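A.B. asks: The structure follows.
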Amino acid sequence: MSEIKRVAVIGGGTMGNGIAHVCAQGALDVVLVDLDQGVLDQARSTISRNLDRQVKKELITGEEKELILGRIVTETSVAAGVAEVDLVVEAVPEKVELKHSIFDTLDREAPEMAILASNTSSISITEIAGRTRRPDKVIGMHFMNPVPVMKLVEVIRGLATSDETTGAVVELSKALGKVPVEVNDFPGFVSNRVLLPMINEAVFALMEGVATAEAIDQVMKLGMAHPMGPLTLADLIGLDTCLSILEVLHRELGDDRYRPCPLLRKYVAAGWLGRKSGRGFYSYAS
Ligand code: NAI
């Protein structure tokens, strides 16, 4: 595998803009793709704001900020965005059919040697890979939110993922200043297999009136030394994403202990998706 120099990030939402940021900061040329030009404009200003914070902390200079931003171009066509890249990192919403259709396009349009990575939180890498003509080059590259801050990249090997592909993604993650941890392909991998049942239980506790949202979060922060409470974290992740992950765990593992809390479903149905929509378990005045 030749060195990874050019990357396309598909989806410019919560995760996509962070992934584009760290890749550009790691000296890669980045094409950030989203169907929605408004999202791309928003992503660019989010990245600029986050880089300003790094300048303020004297982690980078103003000149470096401009260089990093200059490495990111935006594109509204997936086919055009992936035409000349070494790696694609897909970060579209957590919907199985959507991931499959995006990977059909990626497999058709990206160069034959390109690695196709998914930032999926829970969907089977083996199944995504099995639908492509290059299952050895398909892998999970699961960044954590907020991407510029969090160190972990959970690297998920599908059944057919090659050692070469895994090695390239591990090396790239290190070069981006992250700590890669290899795991196997099971629903929710490690991170969300352990995290989401806790978040779901916190929502049940809220629904059953065990305590207020603030009290639940304080118990977990002060009592368990979590940096933020589970309901605050759910709002940060996005309640629609939390629900989608729980649905995958419930369906794929076939155990009712993963059943999504009805209150979580209700919030998602209402469009209360957390920070990104301005309201979830808490309100976020913009
Ligand atoms: P999001 O909803 O914030 O962003 C998704 C973006 O994809 C949107 O901007 C949307 O316009 C775009 N999109 C939809 N269909 C598209 C298409 N066909 N082509 C190009 N762009 C398209 O979602 P978020 O939270 O960034 O999640 C993305 C992925 O990352 C999901 O698989 C999620 O499970 C995973 N993830 C999310 C984390 C989180 O904390 N939100 C943490 C780790 C992984």
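The values are calculated or read from the model by the stated rules, or taken from the named source; none is laboratory data. Here the structure is a predicted model, which means the values were calculated and not measured. Virtual Cβ from ideal backbone geometry, glycine too; neighbours counted across all protein chains shown. The protein model used for the area step is the full one, side chains on, heavy atoms only, and it has no ligands, DNA or RNA in it. Shrake-Rupley method; radii C 1.70, N 1.55, O 1.52, S 1.80 Å.
A.B. asks: Out of curiosity, is residue 173 within 16 Å of the ligand (Cβ to nearest atom), open to solvent by 20 Å² or more (accessible area, probe 1.4 Å) and assigned to a helix (DSSP H, G or I)?
C.D. replies: no
A.B. asks: Condition check: under 27 Å from residue 108 (Cα atoms), assigned by TED's automatic domain parsing to the domain that holds residue 176, within 12 Å of the ligand (Cβ to nearest atom) and modelled with pLDDT of 95 or more. Does residue 83 satisfy that?
C.D. replies: On the way: under 27 Å from residue 108 (Cα atoms): yes; assigned by TED's automatic domain parsing to the domain that holds residue 176: yes; within 12 Å of the ligand (Cβ to nearest atom): no; modelled with pLDDT of 95 or more: yes.
Criteria not met by residue 83.
A.B. asks: Within region 63-71, identify whether any single residue is within 16 Å of the ligand (Cβ to nearest atom) and in contact with a strand residue (DSSP E or B) (Cβ under 9 Å, 6 or more places away or on another chain), and answer yes or no. Even if it seems obvious, please write down each step before you answer.
C.D. replies: Let us first name the residues in region 63-71 that are within 16 Å of the ligand (Cβ to nearest atom), namely none.
Within region 63-71, none of the residues are within 16 Å of the ligand (Cβ to nearest atom) and in contact with a strand residue (DSSP E or B) (Cβ under 9 Å, 6 or more places away or on another chain).
A.B. asks: To continue, here is another question. Do any residues in region 141-163 that are over 18 Å from residue 236 (Cβ atoms) have Cβ atoms under 6 Å from those of residues that are of a type in the set (Asp, Glu) and surrounded by 18 or more Cβ atoms within 10 Å (Cβ to Cβ), where the two are at least six apart or on different chains, and which pairs are they?
C.D. replies: 156/185; 158/185
A.B. asks: Across region 1-21, what is the number of residues that are in contact (Cβ under 8 Å) with a residue 60 or more places away in the chain, open to solvent by less than 10 Å² (accessible area, probe 1.4 Å) and assigned to a helix (DSSP H, G or I)?
C.D. replies: The number of residues fulfilling the criteria is 4.
A.B. asks: Further question on the same structure: Tell me the helices (runs of 4 or more DSSP H) entirely within region 32-84 that contain at least 3 residues that are basic (Lys, Arg) and open to solvent by 40 Å² or more (accessible area, probe 1.4 Å). Break it down stepwise before answering.
C.D. replies: Details: elements: 37-56, 62-70, 78-81.
Of the helices (runs of 4 or more DSSP H) lying wholly inside region 32-84, those with at least 3 residues that are basic (Lys, Arg) and open to solvent by 40 Å² or more (accessible area, probe 1.4 Å) span 37-56.
A.B. asks: A further question on this structure: For the list (1) outside the structural domain of residue 68 (by TED's automatic domain parsing); (2) of a type in the set (A, V, I, L, M); (3) in a loop (DSSP other than H, G, I, E, B), I need the number of the one condition that residue 147 fails.
C.D. replies: Unmet for residue 147, out of (1) outside the structural domain of residue 68 (by TED's automatic domain parsing); (2) of a type in the set (A, V, I, L, M); (3) in a loop (DSSP other than H, G, I, E, B): (1).
A.B. asks: Another question, then. Any residue in region 232-243 that's open to solvent by 10 Å² or more (accessible area, probe 1.4 Å): show its pairings with residues that are part of a helix (DSSP H, G or I) and more than 6 Å from the ligand (Cβ to nearest atom) at Cβ separation under 7 Å, as long as the two are six or more apart or on different chains.
C.D. replies: 232/217; 233/199; 236/275; 240/268; 243/264; 243/265; 243/268
A.B. asks: Let me ask something else about it. Here is a list of conditions, (1) over 16 Å from the mean Cα position of the chain (by Cα); (2) hydroxyl-bearing (Ser, Thr, Tyr); (3) within 16 Å of the ligand (Cβ to nearest atom), and residue 165 meets all of them except one; can you say which number that is?
C.D. replies: (3)
A.B. asks: From 260, 187, 227, which residue is open to solvent by 40 Å² or more (accessible area, probe 1.4 Å) and either assigned to a loop (DSSP other than H, G, I, E, B) or within 12 Å of the ligand (Cβ to nearest atom) (or both)? Before the answer, list the steps.
C.D. replies: Numbers: 260 fails: open to solvent by 40 Å² or more (accessible area, probe 1.4 Å); 187 fails: open to solvent by 40 Å² or more (accessible area, probe 1.4 Å).
Of the residues listed, the single one that is open to solvent by 40 Å² or more (accessible area, probe 1.4 Å) and either assigned to a loop (DSSP other than H, G, I, E, B) or within 12 Å of the ligand (Cβ to nearest atom) (or both) is 227.
A.B. asks: Now for a different question. Within region 111-126, restricting attention to residues that are open to solvent by 10 Å² or more (accessible area, probe 1.4 Å) and more than 11 Å from the ligand (Cβ to nearest atom), which residue is nearest to the chain's Cα centre (by Cα)?
C.D. replies: My answer is 124.
A.B. asks: Please work out which residue is nearest to the ligand (Cβ to nearest atom), limiting yourself to region 127-153 and to residues that are within 18 Å of the chain's Cα centre (by Cα) and surrounded by fewer than 22 Cβ atoms within 10 Å (Cβ to Cβ).
C.D. replies: Across region 127-153, the extreme among qualifying residues is 145.
A.B. asks: Moving to a separate point now. For region 86-110, which positions are more than 11 Å from the ligand (Cβ to nearest atom), in a loop (DSSP other than H, G, I, E, B) and under 29 Å from residue 51 (Cα atoms)?
C.D. replies: Result: 86, single match.
A.B. asks: Out of region 73-108, which residues are touching a residue at least 40 places away in the same chain (Cβ under 8 Å), of a type outside the set (A, V, I, L, M, F, W, C) and in contact with a helix residue (DSSP H, G or I) (Cβ under 8 Å, 6 or more places away or on another chain)?
C.D. replies: 74, 75, 76, 90, 93, 94, 95
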